[in-house]
Structures are given as structure tokens and as C-alpha cells.
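Let me begin by handing over the structure; questions about it come next.
Nothing in this text is a laboratory measurement; each read-out follows from the coordinates by a stated rule. Values in this document were obtained by computation on a predicted structure and should not be read as measured data. A quick note on method: Cβ atoms are made from the backbone with ideal geometry, for glycine too, and the neighbour counts reach across all protein chains shown.
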């Protein structure tokens, strides 16, 4: 292209008010950085997952492999002896049932109550709406351990200690869940709800059949967070229960680990117990990970 043609093109762009297109970027620099990014991310992933890999592999090791020097990562001989010994020394089925029961009920209650309150704060107009939302935001700033004593006193006054209700009711709804659902439901078009109301739909139908299907990523995200928190909850079940038949799996495993007559020197058995504690959480995450990643990806767009 000649100089005159270049000048003419520039003058035409200036006359029309359009900016000249920037020169294309060289793709070589991006291609060079891409493998380095993958290497750094893979290294970070390895550091984060190494303890879990060690725990999972150690659950299937013999005592000789556990005490070997240098450290043996892959078992030379795979065995289920640690799980059999754990089942013989500890009432794993009862503790597992307690954990599943409590986690499922807590998760179900949070999905129902948090989504209902989130819908009310996002789409309904009522007196005291702003103060209620301010209370929710204030509750997010209160440390959970600070509420341990009030919860214990409340359950004691109600006569619910050493019951499943004491493990479920204090966590049936949470400020984080209400805030999460409210933020997602704010993005649901108001015109869609108004059209349903004009057609004669009641609020419960709108909430159950229109709004909830549109916020499935938020429900999946809340399910993972609540189930994970309930499953791994250790301090409250330890305080609220004295009956071993009501112990959840983390409490039962901790009690077993501190009993020298049972767990003395049995690191493989403890690894097997820790593996059983982590396994359900991994299953829930794998099942819901597509909705979870979708919820995280769209959270910044709300």
C-alpha cells in the first residue's frame, strides 16, 4: 500500500469518527505462556491434593509399608485389613448413619428456608424488608463459635440435647445461604413473574415452578457448602451429644483415635476412618460439580 493510500484511509477514519484498528497481537507470547501456566497450576494442584492422596493410599497399606523408610507412596501390597479392623473396633455403620441423616436434613432445610427467604428479599415488597436484609448481612459478620454457648443453652432449655433435633435445628438455615439465594434471585426478570401473576399464578407456584428452576446453579452451590459444613462439623456434635449412639462420624473417629486401648499404634486404621469421612464429600462434589462451577462462573454477573 502506498503512502497516499495510507493517508487517505486515515483521513477517512478521522472523518467518520472511527478509530483505526489496532495492529493484531502476536500469538507467540500467549502460546509461550500457556504451558508455563499449566505447569504452575499443576504444581499447585499437587501440593493441595498430596495430603489427601497420602491419606487415601495409606488406608490400603500394610503396617510395614506405613512404617517404611524411605516413605512408600504406592502400597506394595494392597489390603483391606485396616477397614476390617476399624469396623471391628468402632461402630462405623451407626456413626455413618448419624452423619448422613444430619447432613441430609440440614442441607434440605437450608435449601428450603434459605431459598424462601431469599425469594422474599429479592422479589417481594413488605414492611421491614431492608432491616431484615441488614440483619442477614450482620449475621454474616458474627463468628460461628460465638454462637456456640447460646445454641447450647437454647437446646438445653428445650430438652433436645442428645437428640438428632439438637444436631439439625441450630443449622436449619444460615445467613450465607439466604444471601446467596437472594443475590441469584435478584437476576430473575421481574417481567417473568408479573406475567405469571397476571395469568393467576400464586406466589408459591411462582417460587416453586418458575424461580427455583432458574437458580439451579445457586442451589447446587449451596448444597455443596452446607453438606460439606454439616458433614465435617465436629465441635457442635461433640458438645451437644453425650450418647455414643448419636455421635457423628468425625466425633466417633476422634473419640476412637484418643482411646489408647483401641487406636494405639494403628495409623492405618485411622487413615481408613479419615478416608470414610472424606469419601461422601467427594461424591457429592463430583455429582454437583457442573452446577457448582456454573454457579461460580456466573456469580460475578449477578
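In whole Å, what is the distance between the alpha-carbon centres of the range 64-81 and the range 135-197?
Centre-to-centre distance over Cα atoms comes out at 45 Å.
Using label points projected 7 Å from each Cα along Cα→Cβ, tell me how many nm separate residue 203 and residue 130, to one decimal.
Here the modelled spin labels are 2.0 nm apart.
Work out, step by step, the length gained on full extension between residue 243 and residue 192: first 0.36 nm times the residue separation, then minus their alpha carbon distance; give nm to one decimal.
Computed gain between residue 243 and residue 192 is 13.2 nm.
Roughly how many nanometres apart are two label points built 7 Å out from the Cα toward the Cβ at residue 37 and residue 141?
3.7 nm
Sort 151, 157, 246 so the one with the fewest other Cβ atoms within 10 Å of its own Cβ comes first.
157, 151, 246
Follow-up question, since we're still on this one. How far apart, in nm, are the 7 Å Cα→Cβ label points at residue 79 and residue 66?
Between residue 79 and residue 66, the label points sit 0.9 nm apart.
For the range 82-299, what is the relative contact order in percent, using Cα pairs closer than 8 Å and at least 6 residues apart in sequence?
35 percent
Tell me, in nm to one decimal, what length is gained between residue 290 and residue 210 on full extension, where the rule is 0.36 nm per residue of separation less the Cα-Cα distance?
Value of the extension gain: 26.7 nm.
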